[in-house]
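To start, the structure under review is shown below, and the notes come after it.
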Amino acid sequence: MAVAEQTTTLVCAWCGYNAGLDRISDHIHVVNAQVSMEHAVDRCPECKRFTASATWGRGLHFVYKVLEYRKRFRRSSWVAVYPVVCSWCNSTATEPLEINVTVANPVSQRFKYDLYSCNYCKRMTAISYLGELRNHRAERDETYHSLWYLDPNQEGL
Ligand SMILES: [Zn+2]
Ligand SMILES: [Zn+2]
């Protein structure tokens, strides 16, 4: 998430711990970051989870929850987890399901989409994250199961 306030202390994006995180690396690539630049990653001594951060221009900080995916013989992948509100029922109990899904009707060709599932209504929300988070109701194509439609009711599909 973009935070415009002046802050020098990095706060754990998972649990809010703010008494100093452990820097793991200054140069990681977050697969689905809001800005395409290198991020730093810190581990929280309290909850042991990872927070990625980047500073864009003067004092615009991007801070995300990130998950590490270890790969054999290759560098780890880092995936940002965004605070997503379900577009169907407004629940905040969502979980990331799939990164970079194929969308039939993207708002812009520049956007990539991640899919979140709702623990409450079990339906899917697609988000784009370039610069800002945008949420959409997502519905699977009945024939091509790896293809998704955004906001199907609003567009009359
Ligand atoms: Zn923490
Ligand atoms: Zn829901």
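For region 57-84, filtering for residues that are part of a loop (DSSP other than H, G, I, E, B), of a type outside the set (Gly, Ala, Ser) and farther than 19 Å from Cys47 by Cα leaves 4.
Scanning region 109-141 for residues being more than 14 Å from the chain's Cα centre (by Cα) and more than 21 Å from Asn153 (Cβ to Cβ) gives a total of 3. Tallying residues that are surrounded by fewer than 15 Cβ atoms within 10 Å (Cβ to Cβ), in contact with a Cys (Cβ under 7 Å, 6 or more places away or on another chain) and assigned to a strand (DSSP E or B) within region 39-56 yields 0.
Can you find, within region 78-91, the residue that is surrounded by the most Cβ atoms within 10 Å (Cβ to Cβ) among those that are more than 16 Å from ligand 1 (Cβ to nearest atom), over 22 Å from Asn153 (Cβ atoms) and not aliphatic (A, V, I, L, M)? Step by step, filter region 78-91, then rank; the result is Trp78.
Taken together, the residues in region 111-131 that are under 10 Å from Glu95 (Cα atoms) and surrounded by fewer than 15 Cβ atoms within 10 Å (Cβ to Cβ) amount to 1.
Yes/no matrix, rows are residues, columns are (1) outside the structural domain of His136 (by TED's automatic domain parsing); (2) charged (D, E, K, R); (3) modelled with pLDDT of 95 or more; (4) in contact with a helix residue (DSSP H, G or I) (Cβ under 6 Å, 6 or more places away or on another chain):
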residue: Cys47; (1), (2), (3), (4): yes, no, yes, no
residue: Phe50; (1), (2), (3), (4): yes, no, yes, no
residue: Thr55; (1), (2), (3), (4): yes, no, no, no
residue: Leu60; (1), (2), (3), (4): yes, no, no, no
residue: Val63; (1), (2), (3), (4): yes, no, no, no
residue: Arg72; (1), (2), (3), (4): yes, yes, no, no
residue: Ser76; (1), (2), (3), (4): yes, no, no, no
residue: Trp88; (1), (2), (3), (4): no, no, yes, no
residue: Val103; (1), (2), (3), (4): no, no, yes, no
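Summed over region 113-140, residues that are within 9 Å of ligand 2 (Cβ to nearest atom), among the hydroxyl-bearing types (Ser, Thr, Tyr) and in contact with a strand residue (DSSP E or B) (Cβ under 7 Å, 6 or more places away or on another chain) total 2.
I'd like to know if region 96-105 contains one or more residues that are within 14 Å of ligand 2 (Cβ to nearest atom) and either touching a residue at least 24 places away in the same chain (Cβ under 8 Å) or not charged (D, E, K, R) (or both). Yes, region 96-105 contains at least one residue that is within 14 Å of ligand 2 (Cβ to nearest atom) and either touching a residue at least 24 places away in the same chain (Cβ under 8 Å) or not charged (D, E, K, R) (or both).
The values are calculated or read from the model by the stated rules, or taken from the named source; none is laboratory data. Since we're looking at a predicted model, the values are computed, not measured. All Cβ positions, even for glycine, are placed from backbone atoms using ideal geometry, and neighbour counts span all protein chains on display.
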